Amino acid sequence: MPADAPSSFAPPAAQKPAVDGINGSLSALGGGGDSDGIFGLVGKLSIPVGHAFGTQFDGGVFSNDGHTYFSVANHTFWRDPDVGLAGVYGSFSHYDAAGGLNGGRVGAEGEAYLGRFTIRGVAGVEFSNGDSSTSGSTLTSYDDGTRFFDMVDVAFYPTDNISVYAGHRYTGGNHALALGTEVLFQNGSGTAFSAFAEGRIGESDHQSAWVGVRAYFGQSDKSLIRRNREDDPNTWEPDTLFGISNSLGQTPVDKKPPPLPPPPSPT
């Protein structure tokens, strides 16, 4: 081929960075389930680590039925925004019910980007302490232990700024169906806002639903599908709260005084 002839082969496109600059989000939500109210805040901060890797710190604080719950987590991962994500996940949580419950999770995390579909999930081992407390005539306890957990979603984007998802949760020893949707409102800058609604339908007729608003902070104006694949990975709260709170057992406590011993027999 002559030296000045145009080439018919285009060079391969460079892989996009795993995290498009420092970015994050802040969410506020409220709702309830099983006659309990839930209110909380969730924050995320994602940071690039070189070109192909990233790390994210996220956490939340919630009020649930008068009890306080908080969690912190880290996701460290490789990602190609055109292909998917693979990494490790770890979290710690504390719930002040039943005398105080501490829990942790360690697992593998992954995402696959298939056109307008995203399959995302984390699975591994969770561990927690068990405790109990008595209020009035009710004993509240939690069955501790080490067990498998998973949180998996299939998300679909009917438009670039709308997502809907369905998924499975197994945490705290309980299975649940997860459903949700989010709508993003772009404003021509790195900051954008969205509204979301989510629900959980769990075993033993445990149900919860909440709605919220989210503020995104990024490097440039982006649609929802691009923010989810180029900026901050999914956070898994308040799913662990749902799993723990629905695993608490309540037992009536017999407060009647013990019977008196029989009188001595006459001699």
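Karplus-based coupling profile of region 218-225, in residue order and whole Hz: x, 8, 7, 6, 9, 6, 5, 5, with θ = phi - 60° in 6.51 cos²θ - 1.76 cosθ + 1.60 and x standing for Gly or Pro. Taking packing as the residue-averaged number of other Cβ atoms within 10 angstrom, the listed peptides 89-97, 109-117 run from highest to lowest as 89-97, 109-117. Sticking with the crude label model, points 7 Å out along Cα→Cβ, report the distance from Leu179 to Ile119 in nm, one decimal please. My value for the distance between the label points is 2.3 nm. For region 118-129, putting each phi into the Karplus relation 6.51 cos²θ - 1.76 cosθ + 1.60 with θ = phi - 60° gives couplings of 10, 9, 9, x, 9, 8, x, 10, 10, 9, 7, 8 Hz, in residue order, rounded to whole numbers and with x for Gly and Pro. With R₀ fixed at 22 Å, the C-beta to C-beta distance from Ala52 to Ser223 puts the FRET efficiency at about 0.45. Counting protein heavy atoms only, region 14-111 has 68 percent of its accessible area on carbon and sulfur, 1.4 angstrom probe.
For Asp36, Asp58, what's the largest-to-smallest order of accessible area, 1.4 Å probe?
Working: Asp36 45, Asp58 15 Å².
Putting Asp36, Asp58 in descending order of accessible area: Asp36, Asp58.
Close amide H pairs (under 5 Å, H built 1.01 Å from N) link Asp34 with Gln207, residues at least 5 positions away or on another chain. Rounded to the nearest whole Hz, the Karplus-based 3J(HN,Hα) values (6.51 cos²θ - 1.76 cosθ + 1.60, θ = phi - 60°) of region 159-176 follow the sequence 9, 5, 10, 10, 10, 9, 8, 9, x, 10, 10, 9, 8, x, x, 10, 8, 8, with x at glycine and proline. Sum up the charges of everything whose Cβ sits under 12 Å from the Cβ of Phe196, counting Lys and Arg as +1 and Asp and Glu as -1, but leave Phe196 out. With Lys, Arg at +1 and Asp, Glu at -1, the net is -1. Round to the nearest 0.05 the FRET efficiency obtained for Ala108 and Leu45 when R0 = 22 Å and r is the Cβ-Cβ distance. My answer for the efficiency is 0.50. Protection proxy ranking of 178-191, 150-163, by the mean of other Cβ atoms within 10 Å over each peptide's residues and highest first, is 150-163, 178-191.
The values are calculated or read from the model by the stated rules, or taken from the named source; none is laboratory data. On a predicted model such as this, the values are computed, not experimentally measured, just so you know. Cβ: placed from backbone, ideal geometry, glycine included. Neighbour counts: every protein chain shown. These area figures cover heavy atoms from the full protein model, side chains too; ligands, DNA and RNA do not enter into them. Shrake-Rupley method; radii C 1.70, N 1.55, O 1.52, S 1.80 Å.
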